[in-house]
Structures are given as structure tokens and as C-alpha cells.
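Quick note: the coordinates plus some simple rules give every number you see, no bench work behind them. These numbers were taken from a predicted model, which means no experiment stands behind them. When we count neighbours, we look across all protein chains shown, and the Cβ atoms used for this are built from the backbone with ideal geometry, even at glycine.
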Amino acid sequence: MPRSRVGSNSAVHPPVVSIVLPAFNATSIVGTAVESQRAQTFADWELIVVDDGSEDDTVGVLKSFARRDPRIRVLARPHRGVVAAANDGLAAARGEFIARMDADDVSHPDRLAEQVAFLRERRDVGVVGSLVEFGGDRAAQAGYALHVDWLNSVVTPDDIALNRFVESPLANPSVMFRRELVAQHGGLRGGNFPEDYELWLRWLDAGVVMAKVPRVLLTWNDPPQRLTRTDARYDVEAFYRCKAPWLARWLAKHVEPSRRILVWGAGRPTRKRAEWLVPEGVKITGYVDIDPAKVGRTFARRNVMSPDAIPHAEEVFVVCYVAKRGARELARGHLNGRGFVEGRDFLMAA
């Protein structure tokens, strides 16, 4: 595995990896995250911690680490939010590769070594993540735990490309990417959407190949104060709004104009979420549902058909928007049984 250049002068030789870690009011947790970087078996790195105007002693904790380890750089900024803080860190990064990290997570010792080796071997890959360990109570936080299980099932570039519209296919603090991608395709954007998901969708749309090291290299914690639990930018509807323009672009690129677009799922939440596609130029011509009470009904002048009534794949493309547990597997199984090919004739979007 790669090791550091022993005795290298970082002023002359930039580090191989720049780790960007935004932090806000993280006195009680950021030390564990920083120590997990200092324990890496790959030592040729710099850690750029951007304090986002913390009101506690986060800066003091970080400066204490920086005095002991010259590889740690602390950037103290007024409070502007995680997007601005992360972008400040990206702008300051000098490494060939950039790794992301959050203040409440823990990198396993071989994380950097494994990901650097992967990117050096796979020149076609621009972004590499990893499997993650759920750092919480599986009983009390069952939904998040199931999401981690799904993330860990999406590993290869094909997996990630096909499942990008289900959910964010990468755990943000697990990723490493080539620094030039920021200049080529832009960094994080602010708005009423999950900024990391928007970034991955934008880069995937631009043709960036993403993959994962098929090993657990990060413990992904789920504390009550995590932004994904407290900020409206990360609620369920924000994810659907975020994915709609990129899904519409994908459909325009990959689906022949002669084929009709059907949405699998005719319940009110599904119809509402699928409607985000319409202003993006997608013409939804009908719905598919397994509920006999819905089959035969009309919503917004679109008829609801049963799965068995779906026309041949040459005539239609099916976007599966159902999110209930097991529904995705049911739809995929039925369509595969009809000879539909995922990514060619149908796509999962929930």
C-alpha cells in the first residue's frame, strides 16, 4: 500500500491527499475525527479543517492538534454554512486527491491507502467511495440503518450510475476524488437541496465515473444534531426536487422520443414527486400500479394500468417512483420478467 514520502517538505512537495473537513460547534466530537486521520497508514496528507464560525471551543481544539501535527491546517471563517465551508476547504487543497470527511465520523486506518491505490490503478474512475459501517442504534434508527445497507449494495460504476436517482449513491464523508474535477465541473452549490447529492448528480451527468472500494473504510455516525436530521435541505421532498432536472436530462439523452414515459406508482405522494419532472420537459403519459383500487382510474388525464398491461419495451420507458419497502424489488422483478432491461427500458427513481 502507498506510504508517505518520508521526510518530505510539504512546502516543496504538496501532499498526495488533502482531507477537507468542515466543522461547526463540534468541540465534543471533532477530536475523534481528527485522530482517525492521524492514525492513517498512508501518511502523505494534509488535513484542512474549516471552522464555520463555531460558537464553542472547536477552533481551540483544532489549533491544539495543529500545534502537534504540522499536516493539520485550520481555517477559521465566519458562519456561512457547510457549503461555503467545504468550498473554502476545496479551494485551499493542494493534494492530487481530495478526501471528504465530517466532524462526526471516523475513518478506518487503511481508508486513504486503499482509496489512493484504487484511483492510481483505475485511471478511468474520478470518484471513489467505500462501504460504510453504521455508527448508530439499528433498532432506534432503523431507517438510516437500512439506507446504509442499500449504500453498501451499490458498489460498481454500473451500480452507481443505474441507482443514482434512487438516493445519493455515496456516503459523502467516505469519498475521495481527483482534484481537477472541481475545476472541470464545479464544486458544491448552495440551495434548497442536499448539496452533496446535487454534486454527484452533476458530475455523473458530465460523465465522471464513480466506484467504491468494496471494504468498510468509514464509520458513518448518525447523531441527533446531524444536518441531515435538522435541516430542511435534506428532507425527503428536497431529494426529489434535486434529482428531477438530472433525471429529466438522463431521459432526454437515453430514451427515444417515440417511446412513452410511464411512472410506476399512482399514489398521491408518488404522483406529486413525479410531477417535478414535468417542468423539466418530461411528458408523463400514464401510471402503473399494483393496487386494484387504482387501476382503471385517471389522474391528471393520465390512466392507471396494471403491471400486466404495460406495453412492450419498444413502446414505453418505465420510471419506477415507488418507495415503500419491497416495492422497488417487486417492480424490478416484474419488468425483468417481461424482458425489460434496467437502464435501457426502465429506471429506479425512488
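Brief remarks follow.
- Summing charges over neighbours of ALA206, with a neighbour being any other residue whose Cβ is under 15 Å away from its Cβ, gives +2 when K and R count +1 and D and E count -1.
- Modelled label reach - ALA76, point 7 Å along Cα→Cβ, the range 24-46 residues with backbone N closer than 12 Å: none
- Prolate/oblate/rounded call for the range 74-215, Cα gyration tensor, a/c under 1.5 rounded: rounded
- Net dipole in debye of the chain [+1 Lys, Arg Cβ; -1 Asp, Glu Cβ; about Cα centre; nearest 20]: 700 debye
- Per-pair calculated FRET efficiency, R0 = 25 Å: ARG268 and ASN192 via Cβ, rounded to 0.05: 0.70
- The lysines whose alpha-carbon is closer than 22 Å to the alpha-carbon of LYS212, local same-chain residues fewer than 8 away aside, are LYS243.
- For the pair SER306 and GLU55 in one chain, pulling the backbone fully straight at 0.36 nm per residue adds 84.7 nm over the alpha carbon distance.
- As a rough footprinting exposure proxy, the listed residues SER64, SER174, SER54 were ranked by other beta carbons within 10 Å of their own, and the order from fewest upward is SER64, SER54, SER174.
- Label zone (GLU275, point 7 Å along Cα-to-C-beta; backbone nitrogen cut-off 12 Å) within the range 158-193: none.
- Beta bridges per DSSP, both residues in the chain: antiparallel share near 20 percent.
- Candidate lysines for bridging to LYS294, where Cα separation is under 23 Å - those fewer than 8 sequence places away on the same chain excluded: LYS272, LYS283, LYS324
- For the chain, the Kirkwood hydrodynamic radius from C-alpha pairs, put into Stokes-Einstein at 4 °C and a viscosity of 1.567 mPa s, yields a diffusion coefficient of 60 µm² per second.
- Working value for the range 247-348: equivalent-ellipsoid semi-axes of 18, 17, 13 Å, each the square root of 5 times a Cα gyration tensor eigenvalue, largest first.
- The charge dipole of the range 101-245, taken about its Cα centre with unit charges on the Cβ of Lys, Arg, Asp and Glu (plus for the first two, minus for the last two), comes to roughly 360 debye.
- Straightening the chain between TRP150 and ARG67 buys 25.8 nm, computed as 0.36 nm per residue apart minus the Cα-Cα spacing.
- Residue exposure proxy: HIS254, HIS147, ordered by other Cβ atoms within 10 angstrom of their Cβ from fewest to most, comes out as HIS254, HIS147.
- Cα extents of the range 35-158 along the three principal axes, largest first (Å): 40, 40, 26
- The range 166-198 and the range 326-350: distance between their alpha carbon centers, rounded to Å: 27 Å
- Shape call, the range 79-148: gyration tensor on alpha carbons, a/c limit 1.5: oblate
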